[in-house]
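Everything below concerns the one structure shown next.
Just so it is clear, none of the values below were taken in a lab; they were calculated from the coordinates. Just so it is clear, the structure is predicted and the values come from calculations on it, not from any experiment. No Cβ is skipped: glycine too gets one built from the backbone with ideal geometry, and neighbour counts run over all protein chains shown.
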Amino acid sequence: MRYKNINIVTNDEGVRYYTNPIYPEVPASDDDIYVITTGTDRYDTLALQFYQDSRLWWVIASANNSKTDSLAVQQGIQLRIPSKPGNVITSYNELNENR
């Protein structure tokens with residue numbers, strides 16, 4: 001889903017790899033949900049809870065400017081859950097098509 005518009009590039013040695021994706025800015029909305037994290041929260045479980053799709057973890061991570069390579073989130077912090085993940089997915093696809 002997330003990589004459907006990411007180009008596969010082949011280098012001079014014939015090695016194929018994906019180009020780095022560009023993630024969109026996720027503007028705040030009055031409809032967004034804010035949660036205080038617990039010790040068991042992860043981006044993927046939050047995405048499953050709020051979007052019924054754990055693959056959308058990156059929407060929540062992007063909205064909160066996550067700089068970690070982990071799905072785990074720090075306990076006791078406030079996270080913003082974007083209310084309209086479809087808008088974020090559309091922006092992501094537009095930024096990454098034909099690159």
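How much length would be gained if the chain were fully extended between GLN52 and THR19, taking 0.36 nm per residue of separation minus their Cα-Cα distance, in nm to one decimal?
This chain segment gains 9.1 nm when fully extended.
Roughly speaking, what is the stretch gain from THR68 to VAL9, that is 0.36 nm per residue apart minus the C-alpha to C-alpha distance, in nm to one decimal?
Residue separation times 0.36 nm, minus the Cα-Cα distance, leaves 18.7 nm.
ILE77 versus ASN93, label points 7 Å from Cα toward the beta carbon: distance in nm?
A separation of 3.0 nm, rounded to one decimal place.
Around SER54, under 10 Å between beta carbons, what's the net of Lys plus Arg minus Asp minus Glu among the other residues?
Net of charged neighbours comes to 0.
Points 7 angstrom from Cα along the Cβ direction at THR45 and ALA28: gap in nanometres?
Here the modelled spin labels are 2.7 nm apart.
When the helix-only estimate is applied to the chain (DSSP H runs of n ≥ 4, each -39,500 (n - 2.57), divided by the residue count), what is the mean residue ellipticity at 222 nm, nearest 500 deg cm²/dmol?
Per the formula, -8000 deg cm²/dmol.
Tally Lys and Arg at +1 and Asp and Glu at -1 over the other residues with C-beta under 12 Å from the C-beta of ASP31: what net charge comes out?
Spelling it out: positives minus negatives among the neighbours equals 0.
What does the charge count around THR45 come to, taking other residues whose C-beta lies under 14 Å from its C-beta (Lys +1, Arg +1, Asp -1, Glu -1)?
Around THR45, the charge tally is -1.
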